[in-house]
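The values are calculated or read from the model by the stated rules, or taken from the named source; none is laboratory data. In this text, all values refer to a predicted model and were calculated from it rather than measured experimentally. For neighbour counting, all protein chains shown are included, and Cβ atoms are generated from backbone atoms with ideal geometry for every residue, glycine included. SASA here: full protein model, heavy atoms, side chains in, ligands and nucleic acids out. Shrake-Rupley method; radii C 1.70, N 1.55, O 1.52, S 1.80 Å.
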Amino acid sequence: MAKAILAALILFAVYQMFLKPKPRARPRMPEDEARAILGVGADADAEAIRAAHRRLVSAVHPDKGGSAELTRRINAARDTLLK
């Protein structure tokens, strides 16, 4: 039994190190495009960006019949502006 557990742990480690697909980095969205998506100005602070994000996501979230692609773009815009 101990040998089976050890073998499973070794296989899991090999999978994690060599076989697991690596996440792809998405190209960064330009700041002006992110501001246009969220509808905030150049002088918007972090709280205004978060408020605009919440407002938009609540309207287009897939759970409410919206689009997953729109939600992804809104999230990417928020991430771009908050970095």
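Here are the numbers for the structure shown:
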read-out: Computed label-point distance, nm, for sites LYS83 and VAL60 using a 7 Å Cα→Cβ extension; value: 1.9
read-out: Nitroxide proxy distance, nm - points 7 Å out along Cα→Cβ at ASP32 and LEU11; value: 5.5
read-out: Probe 1.4 Å, accessible area per residue of the chain, Å²; value: 78
read-out: Overall dimensions of the chain as given by Cα atoms, namely Rg and Dmax in Å; value: 20.2, 63
read-out: Given charges at Cβ of Lys, Arg, Asp, Glu: the range 1-40 dipole, positive-most of PRO30, ALA4, TYR15; value: ALA4
read-out: Zero-based 5 Å bins, Cα pair distances in the range 26-73, whole percents; value: 5, 21, 27, 23, 18, 5, 1
read-out: P(r) histogram, all alpha-carbon pairs of the range 2-42 included - 5 Å bins from 0, percent; value: 5, 18, 12, 9, 8, 7, 6, 9, 8, 7, 6, 3, 0
read-out: Under 30 Å between alpha carbons - lysine pairs in the chain that sit 8 or more apart or on different chains; value: 5
read-out: Computed lengthening from ASP43 to LYS20, 0.36 nm per intervening residue step minus Cα-Cα distance; value: 4.1 nm
read-out: Relative contact order (%) - the chain, alpha-carbon pairs under 8 angstrom, separation at least six; value: 32
